């Protein structure tokens, strides 16, 4: 069994910088992951690998890091990997990386289906590597205050959410995955995670609507609370409305999730990932959290396919 990476200490007793490689060279890798990797003081951007050589070399050149020709080459030069690839590819390569003892920063959803998510979770836990999810909302200070301070003192009885956005990652027309599965797969995962954290673990889900259009989502939380949400991914490119609200005897409490997230959010995410890898301590947003969210989202997709 591989153990979580423990960086060597410097002569001053300080931990060495964590070497993180980036898997993927698409829009999210370019606009989100690479800039955060390059800016994080606790991280060495160890290079890029993707299946298409030209985008890989372009991204690596922009940030002055190696463009690795093989996935194995990237593994040899890093302590951890960040993924910005389709879910099925992430699950496949994440399992291989975990077997080599590499910590994993995973995008949402963690796999293309439940079977893939379960296998990736098993691979990571068997190898004993640190895992963390790129759920951007959860690293924003305003959202953390909302969840850790405001909501507990408010005493919510239920809640709601709303996401209205353009094509995923600003791509128009959307890629095949986005066209087939829509906003529920991406921003829906963020919203479910937030409502789950605010109101208690989701125990049941119902959904109706169109996977590529408007979706209505009802969540039943374990402690007798309910939430209802609307999601729509067909707005003009650049549209970004994302909000959640909880209700109770004291009234209503709202958080603007789109406004809360910015470039510093992703730097914070990488700082926490580097710390988790350095100490070997699990992060609360780990692969098992990703598996739970995947089960909720797939339950909703089952309803949408069945037309219930």
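The values are calculated or read from the model by the stated rules, or taken from the named source; none is laboratory data. Since the model is a prediction, treat every value here as computed from it, not as a measurement. Please note: Cβ atoms are built from the backbone with ideal geometry, for glycine as well, and neighbour counts cover all protein chains shown.
Looking only at the range 57-70, decide whether some residue is modelled with pLDDT of 95 or more, in a strand (DSSP E or B) and surrounded by fewer than 22 Cβ atoms within 10 Å (Cβ to Cβ).
Yes, the range 57-70 contains a residue that is modelled with pLDDT of 95 or more, in a strand (DSSP E or B) and surrounded by fewer than 22 Cβ atoms within 10 Å (Cβ to Cβ).
What residue, of 91, 46, 54, 38, is closer than 27 Å to residue 193 by Cα and either in contact with a helix residue (DSSP H, G or I) (Cβ under 9 Å, 6 or more places away or on another chain) or not in a loop (DSSP other than H, G, I, E, B) (or both)?
When all the criteria are applied, what remains is 91.
I want to confirm something. Restricting to the range 210-227 and keeping residues that are part of a loop (DSSP other than H, G, I, E, B) and on the phi < 0 side of the Ramachandran plot, which single residue is surrounded by the fewest Cβ atoms within 10 Å (Cβ to Cβ)?
223
For the range 162-185, check the following and say yes or no: at least one residue is modelled with pLDDT of 95 or more, more than 14 Å from residue 234 (Cβ to Cβ) and surrounded by fewer than 21 Cβ atoms within 10 Å (Cβ to Cβ).
yes
Can you tell me which of (1) buried (at least 21 other Cβ atoms within 10 Å of the Cβ); (2) modelled with pLDDT under 90; (3) out of contact with any helix residue (DSSP H, G or I) (no Cβ under 8 Å at 6 or more places or on another chain) is the one residue 195 doesn't meet?
Against the list (1) buried (at least 21 other Cβ atoms within 10 Å of the Cβ); (2) modelled with pLDDT under 90; (3) out of contact with any helix residue (DSSP H, G or I) (no Cβ under 8 Å at 6 or more places or on another chain), residue 195 comes up short only on (2).
Could you list, in sequence order, the residues of the range 236-247 that are on the phi < 0 side of the Ramachandran plot and either in a helix (DSSP H, G or I) or out of contact with any strand residue (DSSP E or B) (no Cβ under 7 Å at 6 or more places or on another chain) (or both)?
Across the range 236-247, the qualifying residues are 236, 237.
Has the range 122-131 got any residue that is closer than 23 Å to residue 270 by Cβ, in a strand (DSSP E or B) and under 15 Å from the mean Cα position of the chain (by Cα)?
yes
Is there a residue in the range 249-266 that is within 16 Å of the chain's Cα centre (by Cα), under 29 Å from residue 128 (Cβ atoms), in a helix (DSSP H, G or I) and at pLDDT 95 or above?
Checking the range 249-266: at least one residue is within 16 Å of the chain's Cα centre (by Cα), under 29 Å from residue 128 (Cβ atoms), in a helix (DSSP H, G or I) and at pLDDT 95 or above.
Could you check residue 74 against (1) closer than 24 Å to residue 278 by Cβ; (2) crowded, with 24+ Cβ neighbours inside 10 Å; (3) under 18 Å from the mean Cα position of the chain (by Cα) and say which number it fails?
(3)
With the requirement that a residue be assigned to a helix (DSSP H, G or I) and in contact with a helix residue (DSSP H, G or I) (Cβ under 8 Å, 6 or more places away or on another chain), what does the range 267-291 give you?
Hits for the range 267-291 are 267, 268, 269, 270, 272, 287, 288, 289, 290, 291.
Of all residues in the range 230-255, which are within 21 Å of residue 152 (Cα to Cα) and either touching a residue at least 60 places away in the same chain (Cβ under 8 Å) or buried (at least 16 other Cβ atoms within 10 Å of the Cβ) (or both)?
Answer for the range 230-255, where residues must be within 21 Å of residue 152 (Cα to Cα) and either touching a residue at least 60 places away in the same chain (Cβ under 8 Å) or buried (at least 16 other Cβ atoms within 10 Å of the Cβ) (or both): 243, 244, 245, 246, 247, 248, 249, 250, 253, 255.
With respect to residue 204, is the statement that it is modelled with pLDDT under 95 and closer than 24 Å to residue 133 by Cα true?
no
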